[in-house]
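The values are calculated or read from the model by the stated rules, or taken from the named source; none is laboratory data. The structure presented is a predicted model; accordingly, all values stated were derived computationally and were not measured. FYI the Cβ positions are ideal-geometry reconstructions off the backbone, even for glycines, and counts take in every protein chain you see. Ligands, DNA and RNA are stripped out before the accessible areas are found, and what is left, the full protein with its side chains, is counted by its heavy atoms. Shrake-Rupley method; radii C 1.70, N 1.55, O 1.52, S 1.80 Å.
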Amino acid sequence: MSIALYGGSFDPIHIGHLITAETALDTYDLEKVIFIPSYITPLKGRELEASDKNRFEMTKLSTKGNLKFEVSDYEISNEGVSYSYNTVKYFSELYKNKKIYFIIGTDRAKDLKKWYNIGELAKLVTFIFVARDEEDLYKVVEGDEFYKSINYKIMKSPIIEISSSLIRKNLKNKKSIKYMITDECRSYIEELSLYGISRNSK
């Protein structure tokens, strides 16, 4: 059996993340998907609004209804820069007899050459590139010697034009986020007044 690792800031996690993970489960017959909230993203820094604890809890609440979803605090508890190589190495040792996939979006796939220790990382996983624009991604990888040297799959997932930044923006502007996040996640945000939301928000 196989597992997939799914890293991200999840600030907050939204249904697009959940649909991507569920699509990967079905497409590659995975045993489970492990969500890993990051501490500091190497190419983006620590541009976070919710605390580490809150992002972790929101991710747990949002995934608890699926027995094949799991959440790890590995990167948060280690603090420092969340290098994917270190994370994957840890989980590859933890799941020695499992094939490991690593889920990343189109934008991150295009930056893959810049990742820390990418040569060694690529030996440990098969990447799942989640394509918003499948044709655009094929243009990036086809004919590129780097992508020929790594194992990857291009996964077509339902296009959900939702982002964590859009959710935060809507909350601050008192606009609706209905159906963008789970009810459990929304209740948590309201309870702690995260992202400027109040209990009487839409």
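Ignoring everything but the protein chains, give the 1.4 Å probe accessible area of PHE10 in square angstrom, nearest 10.
Its heavy atoms expose roughly 0 Å² to the probe.
For the chain, give the percent of accessible area contributed by carbon and sulfur heavy atoms, probe 1.4 Å, rounded to a whole number.
Answer for the chain: carbon and sulfur cover 46 percent of the accessible area.
Using the Cα atoms as the points, what is the convex hull volume per residue of the stretch 1-70 in Å³?
Residue-normalised Cα hull volume stands at 87 Å³.
A 21 angstrom limit on the alpha carbon distance is what I want to check against. Which of LYS32/LYS64; LYS110/LYS178; LYS98/LYS156 exceed it?
Beyond 21 Å between Cα atoms: LYS110/LYS178; LYS98/LYS156.
Direction-averaged shadow area of the convex hull around the Cα atoms of the chain, nm²?
Across all orientations, the chain yields a mean hull projection of 10.9 nm².
Might you tell me the accessible area per residue for the chain, computed with a 1.4 Å probe and given in Å²?
53
Subtract the Cα-Cα distance of GLU93 and GLU191 from 0.36 nm times their separation in residues, and report this length gain in nm to one decimal.
31.5 nm
Please give the calculated 222 nm ellipticity per residue for the chain, where each DSSP H segment of at least 4 residues contributes -39500 (n - 2.57) and the sum is spread over every residue; nearest 500 deg cm²/dmol?
Rounded to the nearest 500, it is -11500 deg cm²/dmol.
Once both labels are modelled 7 Å past Cα along the beta-carbon direction, what's the SER163-LYS53 spacing in nm?
3.0
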